[in-house]
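See below for the structure under consideration.
The values are calculated or read from the model by the stated rules, or taken from the named source; none is laboratory data. What you see is a predicted model, and the numbers here were worked out from it, not measured in a lab. For neighbour counting, all protein chains shown are included, and Cβ atoms are generated from backbone atoms with ideal geometry for every residue, glycine included. Ligands, DNA and RNA are excluded from the accessible area calculation, which covers all protein heavy atoms including side chains. Shrake-Rupley method; radii C 1.70, N 1.55, O 1.52, S 1.80 Å.
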Amino acid sequence: RDVFKKWGDSGKSINILCYRSLRKLEKDNRMLSERPSVYAVPELLKRQFDNKVALCRKLPDLPVSTIPCRVEQLGIVNFKELRKNLSLPFVVQFPYGSSGKITFMIKEEKEFNDLSRKYIGQIVTVRKYIDGFSINVNGIIVSGSGGPKTFCSFPSVQIVGVPECSNFETS
């Protein structure tokens, strides 16, 4: 709130381009008379876009090639069937998470059973593991007086499994 107040008192136009919005950011911004322009997907919409389970269910309807994905419930899905259909290793992801948080690469039955016991009943996505680089592209569509404009970053390589490249603790 103090940062927003200082920006509001500066008399200058402030533009904030966010990877994602936060409820607090949205709430504090509404409290100011001179608002910074916040360009971000509203938190509620971002949660819909980030839901990996919803995406997995929608992918077959889209005209794009994809890595086969399954929606399963831990404690019910069978390891041997997943190993047979996806081979080892395979990837289990919870509906929400970033920077590899709550993404698990399963290499053996014990790992899968431990995960299933710990998170029994959790709905997850399960995919075949594809070795190689993870490529990211970020984009934004901004509506203005001249109509919508699209801005897109160059592709970047996501570095995974390196503690220094994430703000999440590794287990």
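Take segment 127-166 and flag every residue that is open to solvent by 60 Å² or more (accessible area, probe 1.4 Å), touching a residue at least 24 places away in the same chain (Cβ under 8 Å), out of contact with any helix residue (DSSP H, G or I) (no Cβ under 6 Å at 6 or more places or on another chain) and part of a strand (DSSP E or B).
Selection gives 157, 158.
Checking the conditions here, which among 83, 70 is assigned to a helix (DSSP H, G or I) and open to solvent by 40 Å² or more (accessible area, probe 1.4 Å)?
Only one candidate passes the filter, namely 83.
Does residue 171 meet the test of being under 30 Å from residue 37 (Cα atoms) and either modelled with pLDDT under 80 or within 17 Å of the chain's Cα centre (by Cα) (or both)?
So residue 171 fails the test.
Could you run through segment 86-113 and say how many residues are at pLDDT 90 or above, assigned to a loop (DSSP other than H, G, I, E, B) and among the aromatic types (Phe, Trp, Tyr)?
Applying the first criterion (at pLDDT 90 or above) to segment 86-113 yields 86-95, 104-113.
When the remaining residues are screened for being assigned to a loop (DSSP other than H, G, I, E, B), the result is 87-89, 94-95, 107-108.
This time we only want the ones that are among the aromatic types (Phe, Trp, Tyr), so: 94.
The qualifying residues number 1.
Considering (1) outside any loop (DSSP other than H, G, I, E, B); (2) modelled with pLDDT of 95 or more; (3) open to solvent by 70 Å² or more (accessible area, probe 1.4 Å), say which one residue 120 fails and leave the rest.
Status for residue 120: all satisfied but (1).
Among the residues of segment 123-141, is any more than 15 Å from residue 90 (Cα to Cα) and of a type in the set (Lys, Arg)? Quick ask: steps written out before the conclusion?
Filtering segment 123-141 for residues more than 15 Å from residue 90 (Cα to Cα) gives 123, 133-141.
Filter once more, so that each one left must be of a type in the set (Lys, Arg): none.
No, segment 123-141 has no match at all.
State which residue pairs qualify: first residue over 20 Å from residue 73 (Cα atoms) and in a helix (DSSP H, G or I) and inside segment 43-57, second residue open to solvent by less than 40 Å² (accessible area, probe 1.4 Å) and among the basic types (Lys, Arg) in any location, beta carbons under 9 Å apart, and separation of 6 or more residues or different chains.
Note: no pairs meet the criteria.
As an exercise: evaluate residue 101 against (1) in contact (Cβ under 8 Å) with a residue 60 or more places away in the chain; (2) open to solvent by 70 Å² or more (accessible area, probe 1.4 Å); (3) farther than 30 Å from residue 16 by Cα and give the number of the one condition it does not meet.
So the condition that residue 101 fails would be (3).
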